[in-house]
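This report refers to the structure that appears directly beneath it.
The values are calculated or read from the model by the stated rules, or taken from the named source; none is laboratory data. Values in this document were obtained by computation on a predicted structure and should not be read as measured data. Note: ideal-geometry Cβ built from the backbone for every residue, glycine included; neighbour counts use all protein chains shown. Only protein heavy atoms, including side chains, enter the accessible area calculation; ligands, DNA and RNA are left aside. Shrake-Rupley method; radii C 1.70, N 1.55, O 1.52, S 1.80 Å.
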Amino acid sequence: MAHITMYTTGYCPYCTSAARLLESKGITEINKIRIDKDPELRVAMMGRTGRRTVPQIYIGELHIGGFDDLRALDLAGELEQLLVAES
């Protein structure tokens, strides 16, 4: 399956929901970058994504966005295709 990177915090319910959705699609490993533990990681995330909120999710090098974006891809039937294409 695809390489997933997710910027996250330890207290984010949307991050938990995103991880659960990805796990339901067979993703067993998510590279979680905890921005609440290191302020420099938050700055790096904002520079990379242009966004301030978590989660920020990448499938391979493709920036998906947050949980709502991930869920929209799933509902549209496009998420599984991305997960396979980026493997």
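Scanning the range 49-60 for residues that are touching a residue at least 12 places away in the same chain (Cβ under 8 Å) and either of a type outside the set (Val, Ile, Thr) or open to solvent by 70 Å² or more (accessible area, probe 1.4 Å) (or both) yields Arg51, Thr53, Pro55, Gln56, Tyr58, Gly60. Filtering the range 16-32 to residues that are in contact with a strand residue (DSSP E or B) (Cβ under 7 Å, 6 or more places away or on another chain) and open to solvent by less than 80 Å² (accessible area, probe 1.4 Å) leaves Ala18, Ala19, Leu22, Ile27, Ile30, Asn31. Looking only at residues that are loosely packed, with under 13 Cβ neighbours inside 10 Å and at pLDDT 95 or above in the range 39-48, which one is farthest from Ala85 (Cα to Cα)? Per the criteria, the residue is Glu40. Which one of these does Thr9 not meet: (1) of a type in the set (S, T, N, Q); (2) open to solvent by less than 90 Å² (accessible area, probe 1.4 Å); (3) under 18 Å from Val84 (Cα atoms)? Evaluating Thr9 over (1) of a type in the set (S, T, N, Q); (2) open to solvent by less than 90 Å² (accessible area, probe 1.4 Å); (3) under 18 Å from Val84 (Cα atoms) leaves (3) as the failure.
Can you tell me which residue within the range 67-87, out of those that are surrounded by 15 or more Cβ atoms within 10 Å (Cβ to Cβ), among the aliphatic types (A, V, I, L, M) and touching a residue at least 24 places away in the same chain (Cβ under 8 Å), is nearest to Ile35 (Cα to Cα)? That would be Leu70.
Exactly one residue out of Ile35, Ile64 is open to solvent by less than 30 Å² (accessible area, probe 1.4 Å), farther than 18 Å from Gly10 by Cβ and touching a strand residue (DSSP E or B) at 6+ places or on another chain (Cβ under 7 Å), and it is Ile64.
Quick one: which helices (runs of 4 or more DSSP H) lie wholly within the chain and hold at least 2 residues that are of a type in the set (Gly, Ala, Ser)? Per the criteria, 13-24, 39-49.
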